[in-house]
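Novice: Handing you a structure now.
The values are calculated or read from the model by the stated rules, or taken from the named source; none is laboratory data. The structure presented is a predicted model; accordingly, all values stated were derived computationally and were not measured. Ideal geometry is used to build each Cβ from the backbone, glycine not excepted, and the neighbour counts take in all protein chains shown.
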Amino acid sequence: MTLIKSISGIRGTIGGKAGDGLTPMDIVKFVSAFGYWISRSQANARSKVVIGRDARISGAMLNSLTSGTLQGLGIDVIDLGLSTTPTVEVAVVEEKAQGGIILTASHNPKQWNALKLLNEKGEFISGEDGAEVLEIAENESFRFAEVDELGTIEFKHDWIEKHIEMILELPGVNKDLITSMDFKVAIDCVNSTGGLALPPLLKALGVAKVIELYCEPSGDFPHNPEPLPENLKDLSAIVKDQGAHLGFAVDPDVDRLAIVCEDGEMFGEEYTLVAVADYVLGLNKGPVVSNLSSSRALRDVAENHGQQYFASAVGEVNVVSMMKSHNAVIGGEGNGGIIVPDLHYGRDALAGIALFLSHLAKSGKKCSELRAIYPEYHMSKNKIALTPEIDVDQILDLIASRNRKEKVSTVDGVKIDYENGWVHLRKSNTEPIIRIYSESTTPEKAQELAQAIIDDVNVIVQ
Ligand code: MG
């Protein structure tokens, strides 16, 4: 059993003793803290919170506990039912709610679930706000409403449709051009709520034929739900065997997008954002943001368009805050997370699909040909296990100072930019390990860059 309480919310595995896993007691306590925190900021006015969930098996249990607890606090609930993370995010704003809760453990396997907390802008709450919620939960300093003040509940199951309508209105989404291409598209929605959103989205975009794989939102994940190449073999085979132009895969809460080309090869999760940014920058000039662990290809594409690239600390909330401060026109994360500020400041695989298809249609290329126009980079992901008594921060400081002749960023761990690639070291908050990501023009060179740093760390430790 695992229960992880952090400033970004609470997540854990279902079951066990209260406090050890994500149990009903823990869910009620945490929702009470978040709801109380929201209503406290509302003075005497009633608060409204939008909730929605992915299709995982524990979702219905979390949903009823969350809804009942909010009503008990005197908060009116708008329940979207089975939905997507980006859909709940846009609904919070449009419904003029004071917050939102998405019940999803994102790409994690079925035994996990979590509460993702949103502010009144439909964006993840800040670290500061999260710390306040955590404190309220720890002290159980919440108060519930009296009988005449209990919250109401309203079910609104048409939000995916509304979200799709908003995507169709986005600058650059070209339905006519997509329709003219007679696209045949295969999709893998891992039996979660992508199955409710991708088919109507693709139809609305004018895709001629959709081949649905794992689109039943039963929560019975047919494979590890993270949209990584090793988990998308079925989609890859179907795209190739059925002669589809491309395939799309999303994670259970539909904020990450992976693409498979017509030849069954992965477009590369890192390149989802690269391609969409290339398209957006062709229409609208402005800065671009991703996190420090994302591909350098985005920087190259931004430079090709004569635009600036900025790298934030890892974490969606950090990407969003940097996008706002630089007024970025597009941003996101290398894990297939596209953030389109014209729609909202959150990763949105549905918006990503609409923009990618528009890009592909406009290019007139095959998917694999489009991929080939982008600079070729390869990543290597390593970790070093340490013993708990080792001071990881001190190791990171030493690595940074030993490399001071290079371009070094200490915004989030240590990132060293070399001429031919980069290495990014981050310490884990939960285990005594350092994660080392590196990137270069070949897999071997990426591994070499990482290995040199790993050797340095090992010498320091000894
Ligand atoms: Mg996700």
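Novice: Which one of these does P222 not meet: (1) assigned to a loop (DSSP other than H, G, I, E, B); (2) under 19 Å from I101 (Cβ atoms)?
Specialist: Among (1) assigned to a loop (DSSP other than H, G, I, E, B); (2) under 19 Å from I101 (Cβ atoms), P222 violates only (2).
Conditions tested, residue by residue: (1) within 16 Å of the ligand (Cβ to nearest atom); (2) surrounded by 23 or more Cβ atoms within 10 Å (Cβ to Cβ); (3) among the basic types (K, R).
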site: L273; (1), (2), (3): yes, yes, no
site: V317; (1), (2), (3): yes, no, no
site: H326; (1), (2), (3): no, no, no
site: I339; (1), (2), (3): yes, yes, no
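Novice: Something else: Just a yes or no: is a residue in the range 229-237 within 30 Å of V49 (Cα to Cα) and away from the ligand (no atom under 16 Å from the Cβ)?
Specialist: Within the range 229-237, not a single residue is within 30 Å of V49 (Cα to Cα) and away from the ligand (no atom under 16 Å from the Cβ).
Novice: Going by what's in this entry, would P200 be described as in a loop (DSSP other than H, G, I, E, B), under 24 Å from the mean Cα position of the chain (by Cα) and in contact (Cβ under 8 Å) with a residue 12 or more places away in the chain? Before the answer, list the steps.
Specialist: Numbers: in a loop (DSSP other than H, G, I, E, B): no; under 24 Å from the mean Cα position of the chain (by Cα): yes; in contact (Cβ under 8 Å) with a residue 12 or more places away in the chain: yes.
Taking the combined requirement at face value, the residue does not satisfy it.
Residue-by-condition table, conditions (1) within 16 Å of the ligand (Cβ to nearest atom); (2) within 21 Å of the chain's Cα centre (by Cα); (3) closer than 16 Å to S6 by Cβ:
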position: D20; (1), (2), (3): no, no, no
position: G35; (1), (2), (3): no, no, no
position: A43; (1), (2), (3): no, no, no
position: R46; (1), (2), (3): no, no, no
position: D54; (1), (2), (3): yes, yes, no
position: P86; (1), (2), (3): yes, yes, no
position: N119; (1), (2), (3): no, yes, no
position: E132; (1), (2), (3): no, no, yes
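Novice: Filter the range 238-255 down to the residues that are within 13 Å of F356 (Cβ to Cβ) and either within 16 Å of the ligand (Cβ to nearest atom) or assigned to a loop (DSSP other than H, G, I, E, B) (or both) and list them by number. Reasoning before the result, please.
Specialist: Here is the first cut: in the range 238-255, the residues within 13 Å of F356 (Cβ to Cβ) are 245-250.
Within the range 238-255, H245, F248, A249, V250 meet the criteria.
Novice: Can you go through A349, A361 and tell me which one is away from the ligand (no atom under 16 Å from the Cβ), within 29 Å of S83 (Cβ to Cβ) and assigned by TED's automatic domain parsing to the domain that holds E262?
Specialist: Only one candidate qualifies: A361.
Novice: Can you find even one residue in the range 39-48 that is farther than 23 Å from M166 by Cα, of a type in the set (K, R) and buried (at least 18 other Cβ atoms within 10 Å of the Cβ)?
Specialist: Taking the range 39-48 and keeping what is farther than 23 Å from M166 by Cα, we get 39-47.
Filter once more, so that each one left must be of a type in the set (K, R): 40, 46.
From what's left, buried (at least 18 other Cβ atoms within 10 Å of the Cβ): none.
So far as the range 39-48 goes, no, none of its residues is farther than 23 Å from M166 by Cα, of a type in the set (K, R) and buried (at least 18 other Cβ atoms within 10 Å of the Cβ).
Novice: Can you name the residue in the range 256-269 that is within 16 Å of the ligand (Cβ to nearest atom) and charged (D, E, K, R) and is also farthest from T87 (Cα to Cα) among such residues?
Specialist: Residue satisfying both the conditions and the ranking: E269.
Novice: Could you look through the range 370-394, keep only residues that are closer than 26 Å to E444 by Cβ and among the charged types (D, E, K, R), and pick out the one that is nearest to the chain's Cα centre (by Cα)?
Specialist: Top of the filtered list is K381.
Novice: When you check L298 against the structure, is it within 16 Å of the ligand (Cβ to nearest atom), under 25 Å from S106 (Cα atoms), touching a Ser or Thr at 6+ places or on another chain (Cβ under 8 Å) and in a helix (DSSP H, G or I), yes or no?
Specialist: Details: within 16 Å of the ligand (Cβ to nearest atom): no; under 25 Å from S106 (Cα atoms): yes; touching a Ser or Thr at 6+ places or on another chain (Cβ under 8 Å): yes; in a helix (DSSP H, G or I): yes.
The answer is no for L298.
Novice: Same structure, new question: Check the range 61-84 and report whether any residue there is under 27 Å from E226 (Cβ atoms), surrounded by 22 or more Cβ atoms within 10 Å (Cβ to Cβ), within 16 Å of the ligand (Cβ to nearest atom) and hydroxyl-bearing (S, T, Y).
Specialist: yes
Novice: Here is a further query. Of all residues in the range 175-192, count the ones that are under 16 Å from D220 (Cα atoms), outside any strand (DSSP E or B) and touching a helix residue (DSSP H, G or I) at 6+ places or on another chain (Cβ under 8 Å).
Specialist: Pass one, the range 175-192, residues under 16 Å from D220 (Cα atoms): 188-192.
Next, from what is left, pick out any that are outside any strand (DSSP E or B): 189-192.
This time we only want the ones that are touching a helix residue (DSSP H, G or I) at 6+ places or on another chain (Cβ under 8 Å), so: 189.
Total satisfying the criteria: 1.
Novice: For a quick check of your reading: which helices (runs of 4 or more DSSP H) sit entirely within the range 319-405 and have at least 2 residues that are without any contact (Cβ under 8 Å) to a residue 12 or more places away in the chain?
Specialist: Working: elements: 349-363, 367-372, 392-402.
Once the helices (runs of 4 or more DSSP H) in the range 319-405 are filtered for at least 2 residues that are without any contact (Cβ under 8 Å) to a residue 12 or more places away in the chain, what remains is 367-372, 392-402.
Novice: Now for a different question. Only residues that are in a strand (DSSP E or B) and closer than 25 Å to L201 by Cβ: list them for the range 122-159, please. Quick ask: steps written out before the conclusion?
Specialist: Applying the first criterion (in a strand (DSSP E or B)) to the range 122-159 yields 124, 153-155.
Once the filter is applied, which keeps residues that are in a strand (DSSP E or B) and closer than 25 Å to L201 by Cβ, the range 122-159 yields F124, E154, F155.
Novice: Could you list, in sequence order, all residues of the range 98-121 that are in a loop (DSSP other than H, G, I, E, B) and crowded, with 24+ Cβ neighbours inside 10 Å?
Specialist: Narrowing the range 98-121 to residues in a loop (DSSP other than H, G, I, E, B): 98, 104-111, 119-121.
Matches in the range 98-121: T104, A105.
Novice: Report yes if G81 is modelled with pLDDT of 95 or more and closer than 24 Å to K5 by Cα, otherwise no.
Specialist: Details: modelled with pLDDT of 95 or more: yes; closer than 24 Å to K5 by Cα: no.
The answer is no for G81.
Novice: Shifting gears a bit: Consider S290 carefully, then state whether it is of a type in the set (S, T, Y), modelled with pLDDT of 95 or more, away from the ligand (no atom under 16 Å from the Cβ) and not in a helix (DSSP H, G or I).
Specialist: Values: of a type in the set (S, T, Y): yes; modelled with pLDDT of 95 or more: yes; away from the ligand (no atom under 16 Å from the Cβ): yes; not in a helix (DSSP H, G or I): yes.
Spelling it out, S290 is indeed of a type in the set (S, T, Y), modelled with pLDDT of 95 or more, away from the ligand (no atom under 16 Å from the Cβ) and not in a helix (DSSP H, G or I).
Novice: Sticking with this structure for a sec: Any residue at all in the range 88-95 that's away from the ligand (no atom under 16 Å from the Cβ), closer than 30 Å to P199 by Cβ, assigned to a strand (DSSP E or B) and of a type in the set (D, E, K, R)?
Specialist: We begin by selecting, within the range 88-95, every residue away from the ligand (no atom under 16 Å from the Cβ); these are 91-95.
Still in the running and closer than 30 Å to P199 by Cβ: 91-95.
With assigned to a strand (DSSP E or B) added as a condition, the list becomes none.
Scanning the range 88-95 turns up no residue that is away from the ligand (no atom under 16 Å from the Cβ), closer than 30 Å to P199 by Cβ, assigned to a strand (DSSP E or B) and of a type in the set (D, E, K, R).
Novice: Kindly list the number of the only condition in (1) in contact (Cβ under 8 Å) with a residue 40 or more places away in the chain; (2) on the phi > 0 side of the Ramachandran plot; (3) surrounded by 20 or more Cβ atoms within 10 Å (Cβ to Cβ) that fails for Y214.
Specialist: So the condition that Y214 fails would be (1).
Novice: Find the residue count for the range 95-115, including only residues that are touching a helix residue (DSSP H, G or I) at 6+ places or on another chain (Cβ under 7 Å) and not polar (S, T, N, Q). Break it down stepwise before answering.
Specialist: Taking the range 95-115 as the starting set, the residues that turn out to be touching a helix residue (DSSP H, G or I) at 6+ places or on another chain (Cβ under 7 Å) are 98-104, 113, 115.
Next cut, not polar (S, T, N, Q) only: 99-103, 115.
Total meeting the criteria: 6.
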